[in-house]
Amino acid sequence: MALRPYEVFDHTADVGIHAFGDTLPELFIHAAQGMESLMVAPEQVRESVSREIVVEGHDIISLLIAWLNELIFLFDTEYLLFCAFEIGVFAETSLRGRASGEPYDAQRHELSSAIKAVTWHEASVQRSDDGYRASIIFDI
Amino acid sequence: MGKLDDKIPLERVDSYRWRIPQRYNPEMRVSGMVYADDVLIEQILLDNAMHQVANVATLPGIVGHSLAMPDIHWGYGFPVGGVAATHAEYGVVSPGGIGFDINCGVRLLATDLLHTQIRGKIDKLADELFSNLPSGVGGAGMHQLSMDEMHAVMVHGAAWAVEESYGFAQDLEVTEEHGCLAGADPDAVSNTAMQRGMKQLGSLGSGNHFCEVQTIEHIYDAEAAQALGIGQVGQIVVTIHCGSRGFGHQIAEDYIRLAESKQQDFGFHLVDRQLACLPLQSNLGKSYLSAMACGANFAWANRQLLMHGVRQAFASVFGKRTRPKDMPLVYDVCHNIAKMEEYEIEGQMQRVCVHRKGATRAFPASHPVLPEKYRAIGQPVLIPGDMGRYSFVLVGAQGSMEETFGTCCHGAGRRQSRTAAKKSITGKELIEQLAARGVTVRVHSKNLLPEEAPQAYKDAQQVVNVVHNAGLAKLVARLKPVIVVKG
């Protein structure tokens, strides 16, 4: 298990996260948790619904962006906030996973940001002796 | 980032212009030109925006300069406040250079009310606007679209909205491109994008989007202000700032991904993946422009619906004194867009694709695309500042045609990150601070409000002074906020 799943960093107009993981699936799960945490504190989200997520990319970064963008799409169309993720099948250019959470409820969820999009600006996935590290900037 | 020196070798051209020479990065095809005064340049140098101006200068087929307006700040790929023209024959279009919020823009409505006449009804008007304009996260739009309607919106833009009785035919005459960019093709748009758009037409969303009731605080140019119908100090006007919502975001995402996967095929080696681009003459490049036009048209329909909501709110509060017909649209401009336009470059007329990423078209008087009634004064340029201080109305000037591909700034420009802004003040404190300045606020999320605090932005007065003094646009009026409605 990576020491910390993710950390948030500043950008003039927007905000970014660094995510960490011992494996690529763990990295992707931590990136998703990091992104959702920008919208709402994870402890405010219950697991009442889940959605299967199947995405493809042309390399590891585009796959990570597609995975995160699918969560934004589900928020935009079904107002779903997620707190738990699993990844079943993982290949470098495709993945099949599941996200669990619940629809946004203005009474219980204190939103701190709404994310418009995942950007490609300085997006990276790097491997070191300590495992994997991803950087992603979001358009707020 | 490309091969960059640590320090930007800025060369001062004059009081309002700074050049980034090509030697800064060997991959730059043209030099950079930044419009700023001594105060703004210091603020601009605090983030990575200058590197991004240099990065944009590496785009294939870029002509003139990679331009930066005085409200520039660090964006993704392009800086926000960046302008680049690429040659129509051998240049590229970069979907990231338009941005995620395709045709984010501003419209301004006039009323014949004076600030003194609405003082007793401010709260009522604020409540009415807040309930009429869906905003905030998860706020469904005013008009839930069927798939057939979605297609009509993509192709016809604001004209679809007028057909549906949201506003009047006259509104289209004073909307950039008459509220409909030609060449829109729904086949170029993914189903995913349409699904995101269908629920959101007629909604403000969140972030920096807003509706503001403002009063005219100062008039710089009486003749132009009269022509625009905003000629009286104390007069009430309304500004709407919004874009294409999730629909545009998804179109951008789809095409940045596509372009990014094709860079090697086109032989491009870009310094930032967000700059991924498509040759204008390629099928994919044409396809992006057709999809972008759909996004732009959705945004114009969106602002048309929101304006209808504003007119209804005024009618319900002030009755017969302010009917919808008594609230004419002054103008609507987009500030995230690419346009095919012609300019004289090195003595020859050339057709180029002008990317405006957080930058506003600013055509001068006598330009043939301007509506007849504004032809003598120039195209209105609407510059929102921040919610505490002021916003501005300018008109385009001749310098924009000679130097900046008919473009000037778009707003105040951020100077503080969202996190830093949140740390500096709470939502409650900010609402009290604004109330003390005579600004009434209605907001969905008090948590989000501090991100948009006035101190998070550059001083819009300094920004517009630069474009005025540099001859890109001319100051007409300064507007002071009275009511702010936000997500």
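No value in this document is a laboratory result; all are computed from the given coordinates. Please read these numbers as outputs of a predicted model, since none were measured by experiment. FYI the Cβ positions are ideal-geometry reconstructions off the backbone, even for glycines, and counts take in every protein chain you see.
For B:A88, the amide hydrogen comes within under 5 Å of the amide hydrogens of B:R351, B:V352, B:C353, counting only partners 5 or more places away or on other chains and with H modelled in the peptide plane. Coupling constants for the stretch B:225-234 follow from the phi torsions by the Karplus curve (6.51 cos²θ - 1.76 cosθ + 1.60, θ = phi - 60°), and in residue order they are 4, 4, 4, 7, x, 10, x, 10, 5, x Hz; glycine and proline get x.
Grab the other residues whose beta carbon is less than 12 angstrom from that of B:M401, score K and R as +1, D and E as -1, and report the net. Charge balance in the 12 Å sphere: -4.
Angle, helix A:24-39 long axis vs. longest principal axis of chain A, Cα atoms, 0 to 90°, nearest 10? Rounded to the nearest ten degrees, it is 30.
Under a Cβ-Cβ cut-off of 13 Å, what is the net charge of the residues other than B:A169 that fall near it, where Lys and Arg count +1 and Asp and Glu count -1?
Here the count lands on -3.
For the listed peptides A:131-140, B:180-189, B:141-150, B:367-376, a ranking on the average number of other beta carbons within 10 Å per residue, highest first, reads A:131-140, B:180-189, B:141-150, B:367-376. Only lysines eight or more places from B:K199 in sequence, or on another chain, were considered; those with a Cα closer than 16 Å are A:K116. Note on B:V369 and B:E42: with the Förster distance fixed at 45 Å, the Cβ-Cβ geometry gives a FRET efficiency of about 0.75.
Entry note, chain B: the mean residue ellipticity at 222 nm calculated from DSSP H runs of n ≥ 4, each adding -39500 (n - 2.57), is -9500 deg cm²/dmol after division by the residues and rounding to the nearest 500. Each of B:Q312 and A:D130 was given a label point 7 Å from its Cα along the Cα-to-Cβ line. The distance between the two points is 5.4 nm.
Using DSSP, restrict attention to beta bridges with both residues in the stretch B:347-487 and report what percent are antiparallel, rounded to the nearest 5.
Close to 75 percent.
Look at the Cα gyration tensor of the stretch B:139-256: its axes a ≥ b ≥ c give a/c of at least 1.5 with a/b over b/c, and that counts as prolate.
Taken one residue at a time, the phi angles of the stretch A:114-126 give Karplus couplings (6.51, -1.76, 1.60, θ = phi - 60°) of 10, 9, 7, 6, 9, 9, 9, 5, 6, 5, 8, 10, 10 Hz. Gly and Pro are set to x.
With 25 Å as the limit, the listed pairs B:K325/B:K446; B:K124/B:K474; B:K357/B:K474; B:K357/B:K486 have B:K325/B:K446; B:K124/B:K474 beyond it between alpha carbons.
The mean number of Cβ atoms from other chains found within 10 Å of a Cβ in peptide B:191-202 is 2, as a whole number. With contacts taken as Cα pairs under 8 Å and at least 6 residues apart, the stretch B:311-353 reaches a relative contact order of 23 percent. Give the shape of the stretch B:399-448 as rounded, prolate or oblate, defined through the alpha-carbon gyration tensor: a ≥ b ≥ c are the square roots of its eigenvalues, a/c under 1.5 means rounded, and otherwise the shape is prolate if a/b is larger than b/c and oblate if not. Since a/c reaches 1.5 and a/b is larger than b/c, the shape of the stretch B:399-448 is classed as prolate. With both partners inside the protein assembly as shown, how many of the DSSP beta bridges are antiparallel, as a percent to the nearest 5? Of all bridge pairs located within the protein assembly as shown, approximately 95 percent are antiparallel. Our coupling estimate for the stretch B:389-402, obtained by passing each phi through the Karplus curve with A = 6.51, B = -1.76, C = 1.60 and θ = phi - 60°, is 9, 6, 10, 9, 10, 10, 10, x, 10, 4, x, 5, 6, 7 Hz, Gly and Pro reported as x. Each residue in A:T23, A:T77, B:T215 was given a count of other beta-carbon atoms within 10 angstrom of its own, and listing them fewest first yields A:T23, A:T77, B:T215.
Would you calculate a helix-derived [θ] at 222 nm for chain A, using -39,500 (n - 2.57) for each DSSP H run of n ≥ 4 and dividing by the full residue count, to the nearest 500?
Taken over chain A, the calculation gives -8500 deg cm²/dmol.
If a spin label sat at a point 7 angstrom from the Cα of A:S94 along the line to its beta carbon, the backbone N atoms of the stretch A:10-33 nearer than 20 Å would be those of A:24-26, A:28-29. Neighbouring Cβ atoms from other chains, within 10 Å of the Cβ of residues in A:68-75, number 3 on average.
Modelled spin-label separation between B:A376 and B:D148, with each label point placed 7 Å from Cα along the Cα-to-Cβ direction: 4.7 nm.
Put simply, the amide H of B:Y457, placed in the peptide plane, has neighbours under 5 Å in B:R415, leaving out anything fewer than 5 places away on its chain. For the peptide A:119-129, the mean number of other protein chain Cβ atoms found within 10 angstrom of a residue's Cβ is 5. Ordering B:T426, B:T111 from the fewest to the most neighbouring beta carbons within 10 Å gives B:T426, B:T111. To the nearest 10 degrees, how steeply does helix B:147-156 sit against the main Cα axis of chain B, on a 0 to 90 scale? Once rounded, the angle reads 70 degrees. Here the simple spin-label model places points 7 Å from the Cα toward Cβ, and for B:V233 and A:V8 these points are separated by 4.4 nm. Helix A:60-78 and the longest principal axis of the Cα set of chain A meet at an angle near 10°. Across the stretch A:4-98, Cα-Cα pairs farther apart than 18 Å form 44% of the total. Cα centroid separation, the stretch B:304-330 to the stretch B:158-223: 16 Å. Only Cα sites of the protein assembly as shown enter the Debye sum here, all with the same form factor; the resulting log10 I(q)/I(0) across q = 0.08, 0.12 1/Å is -0.52, -1.26, listed in q order.
Given the Cα-Cα distance of B:N191 and B:E344 and 0.36 nm per residue of separation, how much length would full extension add, in nm?
Additional length available on full extension: 51.1 nm.
In this structure, B:R29 and B:S165 have a Cβ-Cβ separation that, at R0 = 56 Å, corresponds to a calculated FRET efficiency of about 0.70.
With Cβ to Cβ distances under 13 Å as the rule, what net charge do the other residues near B:L475 carry (K, R +1; D, E -1)?
Working: positive: B:K474, B:R478; negative: B:E217, B:D221, B:E223.
Once all neighbours under 13 Å are counted, the net charge is -1.
Put in line by how crowded their Cβ is, counting other Cβ atoms within 10 Å and starting with the fewest, A:S62, B:S244, B:S15, A:S112 read B:S15, A:S112, A:S62, B:S244. Computed log10 I(q)/I(0) for the stretch B:58-113 at 0.31 Å⁻¹: -1.31, from the Debye equation with unit scatterers placed on every C-alpha and solvent omitted. Here's how it looks for B:V441: its modeled amide H is under 5 Å from those of B:V484, which are all 5 or more places away or on a different chain. DSSP assigns beta bridges within chain B; of those with both partners inside it, close to 90 percent run antiparallel.
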